[in-house]
1. Confirm whether HIS79 is at pLDDT 60 or above, over 24 Å from LEU216 (Cβ atoms) and in the same structural domain as LEU99 (by TED's automatic domain parsing).
2. Going by the conditions given, is GLY248 surrounded by fewer than 23 Cβ atoms within 10 Å (Cβ to Cβ) and small (Gly, Ala, Ser)?
3. Sort through ILE171, ILE253 and tell me the only one that's within 21 Å of PRO132 (Cα to Cα) and part of a strand (DSSP E or B).
4. Based on this model, can you work out whether LEU36 counts as among the aliphatic types (A, V, I, L, M) and modelled with pLDDT under 70?
5. Go through segment 213-241 residue by residue and tally those that are assigned to a helix (DSSP H, G or I) and touching a residue at least 24 places away in the same chain (Cβ under 8 Å).
6. Quick test of your reading of the structure: LEU157 fulfils all but one of (1) under 27 Å from TYR284 (Cα atoms); (2) of a type in the set (A, V, I, L, M); (3) surrounded by 17 or more Cβ atoms within 10 Å (Cβ to Cβ); (4) free of Cβ contacts under 8 Å to residues at least 60 places away in the same chain. Name the failing condition by number.
7. Tell me which residues, restricted to segment 144-174, are over 21 Å from LEU254 (Cα atoms) and out of contact with any Ser or Thr (no Cβ under 8 Å at 6 or more places or on another chain).
8. Looking at segment 120-134, which of its residues are in contact (Cβ under 8 Å) with a residue 40 or more places away in the chain and not polar (S, T, N, Q)?
Amino acid sequence: MNHDFDDWVLGGIARDICNRGKFDLVSLEFRKGKSLFQGLLALIMSQELIFINQDTFFKVSKFFHRILSMKSIRVLYTHTDPNSNPNWKVLADARIVCLNKTERNLLIANGISSAQIVVCPTGVDFAFFNVPPIKPEFNRVLLVSNYKERKNPSLMLEVIAYNLDFNFTLIGRGWEYSEIFDLMLKLPNFTYLEFTFPTYLECLEKNHIFLSLSTLEGGPLPMLETMACNLIPVCIATGWVTDLIQHGQNGYILSKNCSIADVREFLLSAMKRELNTRNSIKQYSYERYLNNFLS
C-alpha cells in the first residue's frame, strides 16, 4: 500500500513503521479521504492494524466497530481535543501508546485499563540529531510550529515584540494565513522560514533556546530533536513537557497562564546557561519508540 506522509507531522513515524513491520496503517486514507477503498481493504484484510492518530480511530470505529473488534489494534494517542467527545469504550481492546502521562491518566479516568497503555515520547535519532560544533549566539530563539490557534500566536507576537534583545526564528507552515503575520514580519528581531528539513537542520545549529508557547500538545514533537542538539527548552506546561523537563535543570516550564514577563524571565535564565539537555533525554531513542508498535 502506498502512503503519502510528507505533509503530516506524524508522517515519518507512520512511514518508518511501514518500512520495519508487516502492518497496514489506517492513517491518511481516512484522515485525508484520499483513498477510501484502500482504507477499507486494510480494515477487512489485515489482522493487525495501527492507527497513527486517535481521532482517526474514533472516526473509523463509528462505522466499522464490529470489524475492528476482530482485529489486533494499536493506537498512537497524542492529545485529547477538549472540544471533542470521544467514545472511550471503543479503546477497551486496543493497545495504546501514549505520548505523555497526562493523557494516560485521562484514559485511565475514563475506564481504560493501565495494562493497555504504554507511555513513551516519540524518541529521537541521536545519530542524526547532533550537538553543533560551533556554539550559537545565546540570544537566538527557535520556534517550530505550523499555524494553528492552539499554538498561541497572539502571545508569540507579544513575546517577540517585548524581547527585542533576542532574535527569534519561526520555522513552520501556514503562518501567512494568520492575522498577525504581517505584524510579526515588521519586527526587527523576527525571521520566518518555510519548513523544509534542510532548513530545519540549519536552524538547530544556529539557535540556543527552543521556545514553545502552545497550549495543547502531545509533545511538542520538536522538543526532543532540539534537546538532542543541546538547545534549552522553554515551554508551556502541556503534553510531555512536565514529563521530560526538570525545571531549572534541563529547561524551563511555563504555566499555561504565563505572562510575557514570565517568558522573558526564563528566556534570560536560559540565555545565561549552557546545559547538556541531550544527555537528559538519552533514554528516548527513536528505535525504542518504534518497538512499541512492532513488538
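The values are calculated or read from the model by the stated rules, or taken from the named source; none is laboratory data. Quantities reported herein were computed from a predicted structural model and do not represent experimental measurements. Every residue, glycine as well, gets a Cβ built from its backbone with ideal geometry; the counts of neighbours run over all protein chains shown.
1. When the stated conditions are applied, HIS79 does not pass them.
2. Criteria met by GLY248.
3. ILE171
4. Yes.
5. So the first thing to find is which residues in segment 213-241 are assigned to a helix (DSSP H, G or I), and the list is 222-228, 241.
With the extra rule that they be touching a residue at least 24 places away in the same chain (Cβ under 8 Å), the set shrinks to 222, 224-228, 241.
Here the count works out to 7.
6. (1)
7. Scanning segment 144-174 gives ARG173, GLY174.
8. Here is the first cut: in segment 120-134, the ones in contact (Cβ under 8 Å) with a residue 40 or more places away in the chain are 120-126, 129-132, 134.
Result: CYS120, PRO121, GLY123, VAL124, ASP125, PHE126, PHE129, VAL131, PRO132, ILE134.
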